[in-house]
Amino acid sequence: MRIVFLGPPGAGKGTQSRRLVSYLGVPHLSTGDMLRAAVAESTHLGNLARGYLDRGELVPDAVILQLVGARLEQEDCRRGWLFDGFPRTLSQAEALDRSLSAAGLSLDLVIDFDVDEKELIERLAGRRRADDQPEVIQQRLRAYRDQTRPLTEYYRRHGLLKSIAAIGSPDEVFARVKSALPGAGSR
Ligand code: AMP
């Protein structure tokens, strides 16, 4: 199964990803986690990405596509994957489509985590990540609104989008995630 989690920062995509990958047995591909690891190890890519993460801005598409392309070539991705935080721009989504169709593959589902902005700011302010400072939070939400939210329309047109309400307990949200899976109605 090939799935994308779409939604603003603080919507709970990370928590739900960890649950869904253990349910489905596919790798969890979080570009945010990959970037933070590269920053911590001070790799060339990490040094390139550091400033963007600190400011809450999106890392340039070319850097992300290189990171994702290398990860998708690894053996464990053959049986599918769950992308969490990728794609985040239209050109990333188009690049993913191109590389999938070149391999004769396609996406199965895009789950959009729907939650209102006031709730997000409260949740993000309660976390302890370096990029969860108030100005950085505002910038990350702006990047989501301007660059990532248009992807919901893109995937809706492709017939892949399912929106779920990302409010309530993690168990309640996970029940909605599972019911969005292909074939869930007949299980
Ligand atoms: P996340 O943990 O998914 O919220 O990502 C943390 C930060 O990593 C974001 O604020 C961006 O700076 C960067 N990032 C993660 N994924 C992407 C992506 N697909 N495109 C551009 N920047 C990204």
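The values are calculated or read from the model by the stated rules, or taken from the named source; none is laboratory data. Computed from a predicted structure; not experimentally measured. Because the Cβ atoms are built from the backbone with ideal geometry, glycine has one as well, and the counts that use them run over all protein chains shown.
Yes/no matrix, rows are residues, columns are (1) modelled with pLDDT under 95; (2) exposed (fewer than 14 other Cβ atoms within 10 Å of the Cβ); (3) farther than 19 Å from Asp33 by Cα; (4) small (Gly, Ala, Ser):
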site	(1), (2), (3), (4)
Asp131	yes, no, no, no
Tyr144	no, no, no, no
Leu151	no, no, yes, no
Ile164	no, no, yes, no
Asp171	no, yes, yes, no
Ala175	no, yes, yes, yes
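Pro60 versus (1) over 24 Å from Leu90 (Cβ atoms); (2) near the ligand (Cβ under 9 Å from one of its atoms): which is the lone unmet condition? Going through (1) over 24 Å from Leu90 (Cβ atoms); (2) near the ligand (Cβ under 9 Å from one of its atoms) one by one, Pro60 breaks only (1). You will find that of Arg18, Arg36, the residue that is at pLDDT 95 or above and more than 10 Å from the ligand (Cβ to nearest atom) is Arg18 and no other.
With respect to the stated conditions, Ile111 fails to be in a loop (DSSP other than H, G, I, E, B) and either under 18 Å from Gly56 (Cβ atoms) or among the hydrophobic types (A, V, I, L, M, F, W, C) (or both). Gly51 falls short on exactly one of the conditions (1) within 10 Å of the ligand (Cβ to nearest atom); (2) crowded, with 17+ Cβ neighbours inside 10 Å; (3) not polar (S, T, N, Q); (4) not in a strand (DSSP E or B), and that condition is (2). Taking first residues from the range 38-54 that are closer than 15 Å to Arg129 by Cβ and in contact (Cβ under 8 Å) with a residue 40 or more places away in the chain and partners that are in a helix (DSSP H, G or I) and acidic (Asp, Glu), the Cβ contacts under 8 Å between residues at least 6 apart in sequence or on separate chains come to Leu53/Asp131; Asp54/Asp131. The number of residues in the range 110-135 being over 21 Å from Arg88 (Cα atoms) and small (Gly, Ala, Ser) comes to 2. Annotation note: Cβ proximity below 7 Å between a residue of the range 113-124 that is within 18 Å of Asp84 (Cα to Cα) and a residue that is surrounded by 14 or more Cβ atoms within 10 Å (Cβ to Cβ) and among the polar types (S, T, N, Q) (sequence gap 6+ or interchain) occurs for Asp114/Ser163.
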